[in-house]
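Notes for the one structure printed next.
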Amino acid sequence: MLLVQKYGGTSVGDLERIQNVAKRVLESKKPHDKVVVVVSAMSGETDKLLGYALHFDPLPDPREVDMILSSGERVTSALLAIALQTMGARAISLSGRNAGIYTDANHTKAHIEHIDTTRIHALLDDGFIVIVAGFQGVDSKGDVTTLGRGGSDLSAVALAGALRADLCEIYTDVEGVFTTDPRIEPRAKKIDRISYDEMLELASMGAKVLLNRSVELAKKLGVDLITRSTFSKDPGTLITKEENIMEQPIISGIALDKNQARVSMVGVEDKPGIASEIFGKLAEANISVDMIVQTNGYDGKTDLDFTIPKTELELAKNVLANFQNSVEKIDYDSNSAKVSIVGVGMKSHTGVASKVFGTLAKEHINIMMISTSEIKISLLIDIKYAELAIRSLHHVFELDS
Ligand code: ADP
Ligand code: ASP
Ligand code: MG
């Protein structure tokens, strides 16, 4: 068997925990298994490092940011290798570059282009446990890149795909994927199996237990993923093809995304091409726009409201400053949150939306924006009601029973 295991930030959060991961790796490995372990930085480390960069400049040079951020994962990979060596195992750490992970040059949000697995295969054949620093790669110039926050999940799935691993296990600080974040709703239930599509929606809508891009890639490569806890023996959640799942509930889960900022452009000229110009400029700056609402035109004008990640607000303000003179005003609001209800059963059941709206109305929660897909309903609401909304919806859809 060739296994890829990924251990997240909390799992390697201190030296004792790294020791515990080393034990866990050895326990789960049968004598002939080949094991690649991907690690995150110690929890809080990436934020700390980013804070250093932001101390000097609110929009620091992304190339330099990557030099700084990539160090966190290198530290944990080498520490784990040393811990394993002291237990008598052959282990070696590799940076993204050492591991042959090639990306584009899109610093801080790089995409993996290909993985040259020659060295990893050779090391596995020699009996090494290979520890790869997650979240990073190297571009064609040889510069280190990072894959975006939470990117170690993506490193693990991409490696599992490239190595044709039999299994990819994502070890974290909860026992799997729950019906909603168990830290918000303690009555949330662990899901045993979930389809790629539902997991992709949940992850894209804020359930950070898995990075959405890692789920997307797992689906594309047909890699079965298991999410489970580093701190218990629970078998976790299997993320797999829809066909492999017997019972399909109407609603599988509810996600919360607090990283939403709302931009309101009032009095935008109502003419063809204007939206393309605005969103084109945002796209050029690599800002991802999420929910969009455009009002009916009035006096040759229209209002355009949309959301972007809060973390990209400063950059967006810079970009949109170009439009300052051609609109009446631009407002920025970072007190909103997006709540999303996800389930494949929605495709064949009516009344889900009305039940959602009814539940929020009863709690006097105002809905600012709505967006839907075949298997999802998302609502933008005031951040102060976000947890109340989650708990009420969780109860109404009987996810706790
Ligand atoms: P890691 O550092 O291991 O990558 P993360 O913090 O990125 O871990 O993700 C795990 C966290 O995801 C959990 O601690 C939990 O609070 C949060 N989470 C959000 N939504 C869910 C969900 N639906 N199921 C499980 N965990 C969730
Ligand atoms: N350490 C990185 C982050 O905090 C990557 C990861 O943990 O997956 O975003
Ligand atoms: Mg994570």
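Highlighted here are the strands (runs of 3 or more DSSP E) found entirely within the stretch 230-349 that include at least 3 residues which are in contact (Cβ under 8 Å) with a residue 24 or more places away in the chain: 237-240, 253-269, 301-309, 329-342. Pairs meeting the criteria (first residue in the stretch 201-213 and more than 6 Å from ligand 1 (Cβ to nearest atom), second residue assigned to a loop (DSSP other than H, G, I, E, B), beta carbons under 7 Å, at least 6 apart or on different chains) are Glu201/Ile375; Ala203/Leu210; Ala203/Leu211; Leu211/Gly150; Leu211/Gly151. Residue pairs whose Cβ atoms lie under 9 Å apart, separated by 6 or more positions or on different chains, with the first residue in the stretch 382-400 and farther than 16 Å from Ser354 by Cα and the second assigned to a helix (DSSP H, G or I) and at pLDDT 95 or above, are Tyr385/Leu360; Leu399/Leu393; Asp400/His394.
Screening Ser155 on (1) under 21 Å from Arg17 (Cβ atoms); (2) more than 13 Å from ligand 2 (Cβ to nearest atom) shows it passes everything except condition (2).
Mind listing whichever residues of the stretch 185-229 are part of a loop (DSSP other than H, G, I, E, B) and more than 20 Å from Arg391 (Cα to Cα)? Write out each step before concluding.
So the first thing to find is which residues in the stretch 185-229 are part of a loop (DSSP other than H, G, I, E, B), and the list is 185-189, 191-192, 205-211, 222-224.
Matches in the stretch 185-229: Asp192, Leu210, Leu211, Gly222, Val223, Asp224.
If the condition is being in contact (Cβ under 8 Å) with a residue 60 or more places away in the chain and within 15 Å of ligand 3 (Cβ to nearest atom), then the stretch 176-195 contributes Gly176, Val177, Phe178, Asp181. Of all residues in the stretch 360-400, those satisfying the criterion of being hydroxyl-bearing (Ser, Thr, Tyr) and within 20 Å of Val344 (Cβ to Cβ) are Ser371, Thr372, Ser373, Ser378. Pairs are defined by a Cβ separation below 7 Å, a sequence spacing of at least 6 or placement on different chains, a first member in the stretch 350-370 that is closer than 15 Å to Ser392 by Cα, and a second member that is in a helix (DSSP H, G or I) and of a type in the set (S, T, N, Q); the pairs so defined are Thr359/Ser392; Glu363/Ser392. Taken over the stretch 11-68, residues that are within 16 Å of ligand 1 (Cβ to nearest atom), surrounded by fewer than 21 Cβ atoms within 10 Å (Cβ to Cβ) and within 14 Å of Arg149 (Cβ to Cβ) amount to 7. Of the strands (runs of 3 or more DSSP E) lying entirely inside the stretch 1-105, those containing at least 1 residues that are within 12 Å of ligand 2 (Cβ to nearest atom) and at pLDDT 95 or above are 2-7, 34-39.
Which residues, counting only those in the stretch 133-152, are crowded, with 18+ Cβ neighbours inside 10 Å and within 12 Å of ligand 2 (Cβ to nearest atom)? So that I can check it myself, show each step before the final result.
First, pick out the residues of the stretch 133-152 that are crowded, with 18+ Cβ neighbours inside 10 Å: 133-139, 144-147, 149-152.
Once the filter is applied, which keeps residues that are crowded, with 18+ Cβ neighbours inside 10 Å and within 12 Å of ligand 2 (Cβ to nearest atom), the stretch 133-152 yields Ala133, Gly134, Phe135, Gln136, Thr146, Leu147, Arg149, Gly150, Gly151, Ser152.
Each row is one residue, and each column tells you yes or no for (1) within 16 Å of ligand 3 (Cβ to nearest atom); (2) part of a strand (DSSP E or B); (3) modelled with pLDDT of 95 or more.
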| site | (1), (2), (3) |
| --- | --- |
| Leu123 | no, no, yes |
| Ile131 | no, yes, yes |
| Ser140 | no, no, yes |
| Thr145 | no, yes, yes |
| Asp153 | yes, no, yes |
| Ala158 | yes, no, yes |
| Gly161 | no, no, yes |
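Give the residue, chosen from Ser336, Ser378, that is in contact with an Asp or Glu (Cβ under 7 Å, 6 or more places away or on another chain), among the hydroxyl-bearing types (Ser, Thr, Tyr) and either closer than 20 Å to Ala207 by Cβ or surrounded by fewer than 16 Cβ atoms within 10 Å (Cβ to Cβ) (or both). Step through it out loud before you land on a result.
On the way: Ser378 fails: in contact with an Asp or Glu (Cβ under 7 Å, 6 or more places away or on another chain).
Ser336 is the lone residue from the list that is in contact with an Asp or Glu (Cβ under 7 Å, 6 or more places away or on another chain), among the hydroxyl-bearing types (Ser, Thr, Tyr) and either closer than 20 Å to Ala207 by Cβ or surrounded by fewer than 16 Cβ atoms within 10 Å (Cβ to Cβ) (or both).
Is there a residue being aromatic (Phe, Trp, Tyr) and within 16 Å of ligand 2 (Cβ to nearest atom) anywhere in the stretch 165-185? So far as the stretch 165-185 goes, yes, one or more of its residues are aromatic (Phe, Trp, Tyr) and within 16 Å of ligand 2 (Cβ to nearest atom).
The values are calculated or read from the model by the stated rules, or taken from the named source; none is laboratory data. Since the model is a prediction, treat every value here as computed from it, not as a measurement. Glycine also receives a Cβ, built like all others from the backbone with ideal geometry; neighbour counts cover every protein chain displayed.
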